[in-house]
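The structure appears right after this line, and notes come after that.
The values are calculated or read from the model by the stated rules, or taken from the named source; none is laboratory data. As the structure is a prediction and not an experimental result, all values here were calculated from the model. In this analysis, Cβ positions are derived from the backbone assuming ideal geometry, glycine residues included, and neighbour counts consider all displayed protein chains.
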Amino acid sequence: MSRNTARQITQAWGILVLLTVLSLAASHSGLGSLAVNGLILAAVFAKGRWMLMDFLKLRSVPSGWQVLFLCWLGLITLIAWGATAFPVLHG
Amino acid sequence: MMWVLILTEVVTFGLLFVTFAVTRAVHPDLFAAGQAQLDPALGGINTLVLITSGWLAALAVESRAGGRRTTARLQLGGAMALGAVFITIKLAEYIAKGQAGIGIETDTFFTLYFLLTGFHLLHVVLGIAILAAVAFSDSVENLKTGTAFWHMVDLVWVVMYPLIYLVG
């Protein structure tokens with residue numbers, strides 16, 4: 001096993017665990033919902049990117065695939081945030 | 001080919017996520033009431049379970065590439081066991097909902113909740129079967145392909161969990 005790669009995978013795992021716990025804590029924080037939703041969905045994008053790059057090894061495939069998967073991730077998180085913001089912004 | 005299949009899967013789930021998000025925008029009160037009946041801690045535990053399972057699966061590929069077949073198989077076994085833990089927790093959640101009189105026809109929120117999580121649960125079952133197959137036929141390429149499917153299943157849950165349980 002490449003020690004560097006294994007360390008990279010384990011670091012990614014640690015970050016994923018941390019972001020998951022922080023997201024759960026943020027959802028219980030009682031802060032403004034739009035800001036909290038934004039933080040939670042930003043964490044979703046970050047976690048997804050780490051999973052794609054370090055678990056799925058997307059960084060070692062042609063960049064077109066990286067663009068496709070990251071666009072998918074970005075689009076989903078943006079639409080999800082927009083859907084929660086829509087009722088608030090329209091009263 | 002592997003990337004085409006994975007992209008097809010995530011796009012399919014993506015359409016379901018968009019459906020869920022748009023329906024939430026149309027029925028915010030209904031979705032807030034439905035979400036209040038879910039247990040975010042259980043979903044959070046399941047997220048940690050799948051993330052850790054994905055970590056073991058990723059390490060298994062590195063172990064096999066380094067010629068450590070037994071270690072790779074043990075790591076795959078750990079990944080599959082955690083997959084089974086995910087299924088157990090999810091089924092316990094479904095049973096609790098059933099006992100509370102909540103089902104797929106309760107309202108739009110729960111129709112989408114059971115549709116999305118149920119479709120994902122089927123992928124978890126299939127993913128465990130694929131991991132078991134590549135643990136036996138354990139070339140590096142097979143492990144890469146099998147674990148890629150598993151990571152896709154993890155990724156979908158990592159996106160789905162906050163959408164259903166946390167944001168609102």
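Can residue B:56 be described as crowded, with 17+ Cβ neighbours inside 10 Å and part of a loop (DSSP other than H, G, I, E, B)? Step through it out loud before you land on a result.
Working: crowded, with 17+ Cβ neighbours inside 10 Å: yes; part of a loop (DSSP other than H, G, I, E, B): no.
Against the criterion (crowded, with 17+ Cβ neighbours inside 10 Å and part of a loop (DSSP other than H, G, I, E, B)), residue B:56 does not qualify.
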Legend entry - Search result, residues across the range B:35-52 that are at the interface with chain A (Cβ under 10 Å from one of its Cβ atoms) and small (Gly, Ala, Ser): B:41, B:43, B:44
Inset, instruction - Could you tell me which residue of the range B:6-16 is surrounded by the fewest Cβ atoms within 10 Å (Cβ to Cβ), considering only residues that are free of Cβ contacts under 8 Å to residues at least 40 places away in the same chain, touching a helix residue (DSSP H, G or I) at 6+ places or on another chain (Cβ under 9 Å) and not polar (S, T, N, Q)? - result: B:11
Legend entry - Yes/no for residue A:23 being without any contact (Cβ under 8 Å) to a residue 24 or more places away in the chain and more than 10 Å from every other protein chain (Cβ to nearest Cβ): no
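Among the residues of the range B:87-109, are any in contact with a Gly (Cβ under 6 Å, 6 or more places away or on another chain), buried (at least 18 other Cβ atoms within 10 Å of the Cβ) and assigned to a helix (DSSP H, G or I)?
We begin by selecting, within the range B:87-109, every residue in contact with a Gly (Cβ under 6 Å, 6 or more places away or on another chain); these are B:109.
Filter once more, so that each one left must be buried (at least 18 other Cβ atoms within 10 Å of the Cβ): B:109.
Retained after the next criterion (residues that are assigned to a helix (DSSP H, G or I)): B:109.
Yes - at least one qualifying residue is present in the range B:87-109.
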Inset, instruction - Those residues that are of a type in the set (Phe, Trp, Tyr), over 19 Å from residue B:20 (Cβ atoms) and surrounded by 19 or more Cβ atoms within 10 Å (Cβ to Cβ), I need them from the range A:51-91; list them, please. - result: A:55, A:69
Legend entry - All positions within the range B:70-91 that are closer than 14 Å to residue B:131 by Cα and either facing another protein chain (nearest Cβ under 8 Å) or touching a residue at least 40 places away in the same chain (Cβ under 8 Å) (or both): B:72, B:73, B:76, B:77, B:79, B:80, B:83, B:84
Legend entry - Residue pairs meeting the criteria (Cβ under 7 Å; at least 6 apart or on separate chains; first touching a residue at least 60 places away in the same chain (Cβ under 8 Å), in the range A:63-91; second surrounded by 20 or more Cβ atoms within 10 Å (Cβ to Cβ)): none
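Taking residue B:7, is it in a helix (DSSP H, G or I) and at pLDDT 95 or above?
Working: in a helix (DSSP H, G or I): yes; at pLDDT 95 or above: no.
The answer is no for residue B:7.
Any residue in the range B:123-130 that is within 30 Å of residue A:83 (Cα to Cα) and modelled with pLDDT of 95 or more? It would help to see each step written out before you state the result.
Initial filter on the range B:123-130 (within 30 Å of residue A:83 (Cα to Cα)): B:123-124.
In the following step, the residues that additionally are modelled with pLDDT of 95 or more were identified as B:123-124.
Looking for residues that are within 30 Å of residue A:83 (Cα to Cα) and modelled with pLDDT of 95 or more, one finds at least one in the range B:123-130, hence yes.
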Inset, instruction - Go through the range A:34-48 and give me each residue that's surrounded by 15 or more Cβ atoms within 10 Å (Cβ to Cβ) and either within 7 Å of another protein chain (Cβ to nearest Cβ) or out of contact with any Phe, Trp or Tyr (no Cβ under 9 Å at 6 or more places or on another chain) (or both). - result: A:36, A:37, A:39, A:40, A:41, A:43, A:44, A:45, A:46, A:47, A:48
Inset, instruction - Select, from A:60, A:29, the only residue that is under 24 Å from residue B:7 (Cα atoms), more than 7 Å from chain B (Cβ to nearest Cβ) and at pLDDT below 90. - result: A:60
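Return the residues of the range B:129-147 that are surrounded by 21 or more Cβ atoms within 10 Å (Cβ to Cβ) and of a type in the set (A, V, I, L, M, F, W, C); say none if nothing qualifies.
Scanning the range B:129-147 gives B:131, B:134, B:135, B:143.
Test residue B:61 against the criterion of being among the hydrophobic types (A, V, I, L, M, F, W, C), within 14 Å of chain A (Cβ to nearest Cβ) and in a helix (DSSP H, G or I), and give yes or no. Write out each step before concluding.
Working: among the hydrophobic types (A, V, I, L, M, F, W, C): yes; within 14 Å of chain A (Cβ to nearest Cβ): yes; in a helix (DSSP H, G or I): yes.
Here the answer is yes, as residue B:61 does meet what is asked.
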Inset, instruction - State which residue pairs qualify: first residue small (Gly, Ala, Ser) and inside the range B:29-42, second residue not in a loop (DSSP other than H, G, I, E, B) in any location, beta carbons under 8 Å apart, and separation of 6 or more residues or different chains. - result: B:33/B:109; B:34/B:109; B:34/B:110; B:34/B:113; B:41/A:24
Legend entry - Hits in the range B:17-34 (condition: surrounded by fewer than 18 Cβ atoms within 10 Å (Cβ to Cβ), more than 7 Å from chain A (Cβ to nearest Cβ) and not in a loop (DSSP other than H, G, I, E, B)): B:19, B:23, B:26, B:29, B:30, B:32, B:33
